[in-house]
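Here is the structure we will look at, set down as C-alpha cells.
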Amino acid sequence: MSQELSKQELHNLAMNIVGEDMKAKGFEFLGVNSKIGKDPQFVGLKNKDLHFVIVRSSSYPQDANVYDPVFMQTIKEHANAFDAKTYYAGVGLGHGDDYAKPVLKDEPYTMVYKGLQEII
C-alpha cells in the first residue's frame, strides 16, 4: 500500500509546480530554498526586476489561495529593502482520484494552482 507524502515532500511538489510556472514565464532563478519555514522559496529576476516568491502547499479543505496577511506584509517589507516585488504561490494538493484524500507516493495527484499572486 502506498504511503502519504510527508509535509516536506508536499512542499517540494508545490515548489516544482511553481518553479516550472516561473520558468515558463521567463524568470531567472537567483535563489531557491526548499526548506519549510525558510522564506522566500524563490528569488527570481524577470525584466531586470527582483521577485520574492513564497510557496505554500495545502490540502483539502484548506484554501490554497488564502495566506496570512500579517506574515506576507513582513515578507513584503523585507523585499522592499531589496526593491523586490513579493508574490504568494499557494498550491492545493490532493489525490488524483479524490482531491479530498491525501497525496500518496507514486500515485496521481490533483492540484489547485492559480499562479503567482502579487502582494501589494
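The values are calculated or read from the model by the stated rules, or taken from the named source; none is laboratory data. The structure presented is a predicted model; accordingly, all values stated were derived computationally and were not measured. Heads up, the Cβs are rebuilt from the backbone with ideal geometry, glycines too, and the neighbour counts pull from every protein chain shown.
In the range 105-120, the qualifying residues are those that are farther than 24 Å from GLU77 by Cβ, in contact (Cβ under 8 Å) with a residue 24 or more places away in the chain and touching an Asp or Glu at 6+ places or on another chain (Cβ under 9 Å), and the one that is surrounded by the most Cβ atoms within 10 Å (Cβ to Cβ) is TYR113.
Exactly one residue among PHE42, PHE82, PHE52, PHE71 is touching a helix residue (DSSP H, G or I) at 6+ places or on another chain (Cβ under 6 Å) and either surrounded by 11 or more Cβ atoms within 10 Å (Cβ to Cβ) or of a type outside the set (Gly, Ala, Ser) (or both), and that residue is PHE52. Residue count for the range 10-28 satisfying the condition of being loosely packed, with under 14 Cβ neighbours inside 10 Å, over 13 Å from LEU116 (Cβ atoms) and touching a residue at least 12 places away in the same chain (Cβ under 8 Å): 1. Here PRO61 meets the list (1) touching an Asp or Glu at 6+ places or on another chain (Cβ under 7 Å); (2) at pLDDT below 95 almost entirely, failing just condition (1).
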